[in-house]
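Below you'll find the structure, written out as structure tokens, and then a few comments.
Each value in this text was obtained by applying a stated rule to the coordinates, not by laboratory testing. All of these numbers come straight from a predicted model, not from anything done at the bench. Cβ sites come from the backbone with ideal geometry, for glycine too, and all protein chains shown count toward neighbours.
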Amino acid sequence: MEPISEEQISYTEHITVEQYNELRRSVKWILVKESRAQKALDNSFYMTVARWKGEPVGMARIVSDGGYTYFITDVIVRPDFQGYHIGTELIRRLLDYIKKDVMDGETVMVSLMAAYERESFYGRFGFHPRPFGNHGPGMSMWVSRISDGSIVTS
């Protein structure tokens, strides 16, 4: 790959399902079925996509209840583009969007589930690892329906 500079990265707010799953594949995340992926992208509160020569090389998005809860998800930077501060710019853009959305006198909650061993990256933006104070640990579960129709959780 030819050398790149941060100035060569542009940002948009749209991505196709195919591009979304290609980014997921690049970091070895599970792929999302097209119909669910499209619904997820369509229902994003806000999304930012990093592009190099028009092609997506990173993305991040917010889902929200429209009230006081924001959840940052799908923070992805293709491995060959890591180290160019793209992840930092993606998070900065999401947080700027949230800060503009907060009204005078309001307090909102911004949550995320950091990828394994990425807690220090998010700490630079003011996120606290959980448990913290009176906040319990962040938790998650995967629910899958396998080919015989049974449900598996992990």
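Before moving on, here are some points about what is shown:
- Identified option (computed P(r) over Cα pairs in 10 Å bins from 0, in percent; candidates [x] 11, 39, 34, 12, 3, 1, 0; [y] 9, 36, 37, 16, 3, 0; [z] 10, 31, 29, 21, 9, 1, 0): [y]
- Mean-position separation - Cα centroids, the stretch 89-116 and the stretch 125-143, in angstrom: 15
- Taking a Cβ cut-off of under 10 Å around H85, the surrounding Lys, Arg, Asp and Glu residues balance to a net charge of -1, with basic ones at +1 and acidic ones at -1.
- Only DSSP H runs of four or more residues enter the estimate; each adds -39500 (n - 2.57), and after division by the residues of the chain the mean residue ellipticity at 222 nm equals -7500 deg cm²/dmol.
- With at most 13 other Cβ atoms within 10 Å, longest stretch of the chain clear of loop GluC sites (Glu not before Pro) (DSSP): 14-105
- In the elastic network of the chain, a GNM with C-alpha springs shorter than 10 Å, the most mobile of S111, S44, S35 is S35.
- Around S26: net Lys/Arg minus Asp/Glu count, Cβ-Cβ under 10 Å: +2
- Label-point separation in nm, R118 to Y97, each point 7 Å along Cα→Cβ: 1.6
- The stretch between V143 and R130, if pulled fully straight at 0.36 nm per residue, gains 2.4 nm over its current Cα-Cα span.
- DSSP loop trypsin sites (Lys or Arg not before Pro) with at most 16 other Cβ within 10 Å excluded, longest remaining stretch of the chain: 54-117
- The amide H of F45, built 1.01 Å from its N in the peptide plane, has I62, V63, S64 as neighbours under 5 Å, considering only residues 5 or more places off or on other chains.
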